[in-house]
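What follows is a set of notes on a single structure, which appears directly below.
The values are calculated or read from the model by the stated rules, or taken from the named source; none is laboratory data. For clarity, every value in this text was computed on a predicted model and none was experimentally measured. In this analysis, Cβ positions are derived from the backbone assuming ideal geometry, glycine residues included, and neighbour counts consider all displayed protein chains.
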Amino acid sequence: MRFVLNKERRHFLPVDTDNNEAVFPINNVRREDGGSYSCSYHSRSERLNVSYPSDPVELVVRDPNLPRPSISLSPTGITAPGADVTIQCQGQHQNVTFFLHKAGDQNPQQHMDPAGDGAEFRIPTVGRQHGGNYSCSYRPRSEPFVSSQPSDPVQLVVADFTNINVARLGLSAAVLLVLGLILAEAYYSRPRGTP
């Protein structure tokens, strides 16, 4: 088979292989390497019978020279299930697209093209599945495949009412036990013969 890698109408040198896969290494990645890539293949004996292109993959290059954005969470602290949460990302540049990331998820959660240098991401009706660490990054609109470093993370903690209710039941039982002991001591320590 012969595989061809394409990037926005740019073709790379084809790779011939006896297997059903090919590797196209990109060494020493630079800003201009960012972009949308796809590949196709054909038999070396039937060069005109080419496959459809693959689904595209994006290569996004992080630029350490772009200032890192900041991130904040509102409300702070432990959030009750069903509440609305806002995550705010703030940068130092305009004309950028902000991306919200959740730790453990390879793909950005949401993106937003604000008019200014900040963006707000709302998470309505928060559930336990929303808990975790969030960070944000941005990409200049003029270079959509170049990204800032991610912000420091913020942690969204969603209360687990099952554990809270168990703790409340345990506390209530302890209070009732103490009250029962006080009443028992009062009953047995009163003088005999008094009503």
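Here are the numbers:
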| item | result |
| --- | --- |
| Flag for SER51 being out of contact with any Ser or Thr (no Cβ under 6 Å at 6 or more places or on another chain), more than 30 Å from PRO150 (Cα to Cα) and without any contact (Cβ under 8 Å) to a residue 12 or more places away in the chain | no |
| Test: residue in segment 120-133 that is of a type outside the set (A, V, I, L, M), in contact with a helix residue (DSSP H, G or I) (Cβ under 7 Å, 6 or more places away or on another chain) and surrounded by 14 or more Cβ atoms within 10 Å (Cβ to Cβ) | no |
| Residues (in a strand (DSSP E or B), free of Cβ contacts under 8 Å to residues at least 60 places away in the same chain, within 26 Å of SER142 (Cα to Cα) and of a type in the set (S, T, N, Q)) located in segment 16-48 | SER38 |
| THR17 being polar (S, T, N, Q), out of contact with any strand residue (DSSP E or B) (no Cβ under 6 Å at 6 or more places or on another chain) and assigned by TED's automatic domain parsing to the domain that holds GLY132 | no |
| In segment 89-116, residue farthest from TYR134 (Cα to Cα) [restricted to those that are charged (D, E, K, R) and part of a loop (DSSP other than H, G, I, E, B)] | ASP113 |
| Only listed residue being part of a strand (DSSP E or B) and either at pLDDT below 95 or closer than 26 Å to ASP33 by Cβ (or both), chosen from THR125, THR86 | THR86 |
